[in-house]
1. Yes or no: the stretch 254-264 includes at least one residue that is in contact with a strand residue (DSSP E or B) (Cβ under 6 Å, 6 or more places away or on another chain), open to solvent by less than 40 Å² (accessible area, probe 1.4 Å) and aliphatic (A, V, I, L, M).
2. Applying the selection to the stretch 150-169, what residues are at pLDDT 90 or above and among the aliphatic types (A, V, I, L, M)?
3. Can you tell me which of (1) assigned to a loop (DSSP other than H, G, I, E, B); (2) in contact with a Cys (Cβ under 8 Å, 6 or more places away or on another chain) is the one Ala243 doesn't meet?
4. Going through the stretch 219-242 one residue at a time, which ones are surrounded by 17 or more Cβ atoms within 10 Å (Cβ to Cβ), on the phi < 0 side of the Ramachandran plot and either in contact with a Phe, Trp or Tyr (Cβ under 8 Å, 6 or more places away or on another chain) or of a type in the set (Asp, Glu) (or both)?
5. Can we say Leu143 is open to solvent by less than 30 Å² (accessible area, probe 1.4 Å) and hydrophobic (A, V, I, L, M, F, W, C)?
6. Could you check how many residues of the stretch 199-221 are within 29 Å of the chain's Cα centre (by Cα) and closer than 16 Å to Val144 by Cβ?
7. Given the options Arg265, Arg272, Arg224, name the one that is more than 29 Å from the chain's Cα centre (by Cα), modelled with pLDDT of 90 or more and basic (Lys, Arg).
8. Quick check: anything in the stretch 230-238 within 23 Å of Ser99 (Cα to Cα) and more than 21 Å from the chain's Cα centre (by Cα)?
Amino acid sequence: MSPPGAQTVAGEQSAALACDSRAHLSDKRKSVPAAQASSTATTQERQVGRGWWLFWGCLIVLGLCLCSWQVMRGQARAQHLEDTASAPELVMPTAPPASASLIELRGEWLAEHSLLLDNRTLDKRHGVAVLTPFRTLDGRWWLVERGFVASPAPRSDPEFTTPTGPGVISGRWQWLNGQGNSGGPLFGPNREGQRLQQVDLSAWQALGTPAFAGVLHQTGGEGRFLPWWQPSNMTPERHYAYALQWLGLSLGAAVVMILGARRQRQSALRQRQA
């Protein structure tokens, strides 16, 4: 049988152990939410970081794509100017003419197949450009853009005349794209009555295959109206200047992306240390 003093000491030790156990369990319970909060904060930081890199990365890629596009347009414009300066003068060509060639044709207009290129403007007037096929003496037909005619009222087709009988015309040649049209966005059907949104050789498929897949912009001869069409007057240098602007945007976005990511990392470290 233990003495009374020994029992008291044993009880105190047991009570102390129980208190230590409860304190340790309490500390463990407190550490679990803290660890979960830390993990959640780390996940949020990663998500924010990914979003940051994705946004600025997309902006950089967009700027580089637009830069490349402007460079290609500048090169195409320079090539066009070179072709125009050295364009040959051809009479009834049988081989595919070079872009911007000056061409002379002999034949007659196919007036009943005339169509109107919609939504043209000249000197702040709204109107159309007249498109009429021209059949040459060798039996081939060419699509000719004859010039601008003002519309008397919105959506009202203007009246115009077409010469009859044999004649001689001249104009500057423009190739269409591989689908036989001038390209560009279309909002609804291309043809509405006698109007076209864009030049498309398929509108004259009843005539058979044209001489070449392009359009002759008339500059001389009977049946010519006010000159409307002209190549883009933007110089290659302007396209290259736009390309530099887009390149500068990409470089600026890259700098902001890197500096911003660095500041985010530093802020996250300070928060963890606190």
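The values are calculated or read from the model by the stated rules, or taken from the named source; none is laboratory data. The structure displayed is predicted, hence computed values, not measured ones. As a convention, Cβ positions derive from the backbone with ideal geometry for all residues, glycine included, and neighbour counts pool all protein chains shown. The accessibility values were calculated without ligands, DNA or RNA, using every heavy atom of the protein model including side chains. Shrake-Rupley method; radii C 1.70, N 1.55, O 1.52, S 1.80 Å.
1. No.
2. Listed by number, the residues that qualify are Ala150, Val168, Ile169.
3. Just one mismatch for Ala243, condition (1).
4. Those that are surrounded by 17 or more Cβ atoms within 10 Å (Cβ to Cβ), on the phi < 0 side of the Ramachandran plot and either in contact with a Phe, Trp or Tyr (Cβ under 8 Å, 6 or more places away or on another chain) or of a type in the set (Asp, Glu) (or both): Phe225, Trp228.
5. Judged against the criteria, Leu143 is a match.
6. 10
7. Arg224
8. Yes: the stretch 230-238 contains one or more residues that are within 23 Å of Ser99 (Cα to Cα) and more than 21 Å from the chain's Cα centre (by Cα).
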